[in-house]
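Shown next, in structure tokens, is the structure this report addresses.
The values are calculated or read from the model by the stated rules, or taken from the named source; none is laboratory data. Treat the numbers as computed from the prediction; the structure is a model and nothing was measured. Reconstructed Cβ throughout: ideal geometry from the backbone, glycine too, with neighbour counts over all protein chains shown.
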Amino acid sequence: MSEIQWGTPIAVYLFLAGLSAGAFSCTALPGRGDAEGRGHASQHTIALLIPFMLAVGIVMLIWDLGQRISFWKLLINFRLVSPMSLGAWILVFFSLLSVIWAIVLIPERFRSLLSRGPKWLSRLQKIDRKKIGFGGSALAVLVAVYTGVLLSSTAVPRWNRILPLLFLFSSFSSGHALEFLINLRYDAPEESSKAQPEKSRLQPYRALLIGQLLAVLAFLLLTSLTQSREVLLHLITGGIGVLWWVGAVGAGILFPLIMTYRRTPVWVIFAAFLGELAGAFIMRWSILVAGKI
């Protein structure tokens, strides 16, 4: 594939697509709902946010593509070996499933309103949520990996193949961070008290952060071996380097990772999860910008 110089809207798209994928998997994990399988309030909120985030991300993608290539042509001219064409179809199917997921998880008090609408809405509510969750989670993994494949295949310079793995860890850890943030909205204790997310949810989040940190180190190592010295220096030094180390690595990985080992005030937990989300965006933006210099 020919090399393409992506703009900042693509960084927004990569971030929102990855965040949507990670958030979907979090809401679909076993044990997230109640005994009747209806889901918690945070699940409902996240399920409604996912289609919105995907829509904004797709708008950013179409905006950045401009006259160079049309999004609809990627769908019509399907090419299995093209990361952009294959990714576009994966994104479409995932977006459709995310809408169905939002309808399936709609709170009980709003279901009577849907019954007044088209019959297909009522049929969607009867779909087994476990099947939708499983299918959506599988597509979520593909979406998260695809964002890295897209960038490593088309960006200038061509980044190494660790990017899909790095973006996979980043997407799923940021999805957990979004879930924790929304849980604070519904289950927040007093600001002065100390708290920590549930251990059963904290352990996979911690593992994702550690995996992300190791992927960052592998990415930098392989970049130093496969790219010119200037390419790596553009990413880790200067203004972009400050954002990379302080934002992507510090706020996005190390700060929330340290927080998982301590009981801290609620505002610190809030800052850590918010930093994780900001760091996930900064990581993608830094890689894009450093690749263009």
Give segment 271-293 a look and list any residue that's touching a Leu at 6+ places or on another chain (Cβ under 6 Å) and farther than 18 Å from Phe169 by Cβ, or say none.
Ala290
Complete set of residues in segment 132-148 that are among the aliphatic types (A, V, I, L, M) and free of Cβ contacts under 8 Å to residues at least 24 places away in the same chain:
Ala138, Val145
By my count, helices (runs of 4 or more DSSP H) wholly in segment 1-118 with at least 2 residues that are modelled with pLDDT of 80 or more are 8-28, 41-65, 83-104
How many of the residues making up segment 153-179 are assigned to a helix (DSSP H, G or I) and either buried (at least 22 other Cβ atoms within 10 Å of the Cβ) or modelled with pLDDT of 90 or more (or both)?
17
Can you tell me how many residues in segment 256-293 are among the hydrophobic types (A, V, I, L, M, F, W, C), farther than 19 Å from Ile182 by Cα and either free of Cβ contacts under 8 Å to residues at least 24 places away in the same chain or assigned to a helix (DSSP H, G or I) (or both)?
8
If we scan segment 195-209, do we find a residue that is closer than 22 Å to Leu166 by Cβ, among the hydroxyl-bearing types (Ser, Thr, Tyr) and at pLDDT below 90?
no
Those residues that are part of a helix (DSSP H, G or I), surrounded by fewer than 14 Cβ atoms within 10 Å (Cβ to Cβ) and more than 25 Å from the chain's Cα centre (by Cα), I need them from segment 211-235; list them, please.
Leu225, Arg229, Glu230
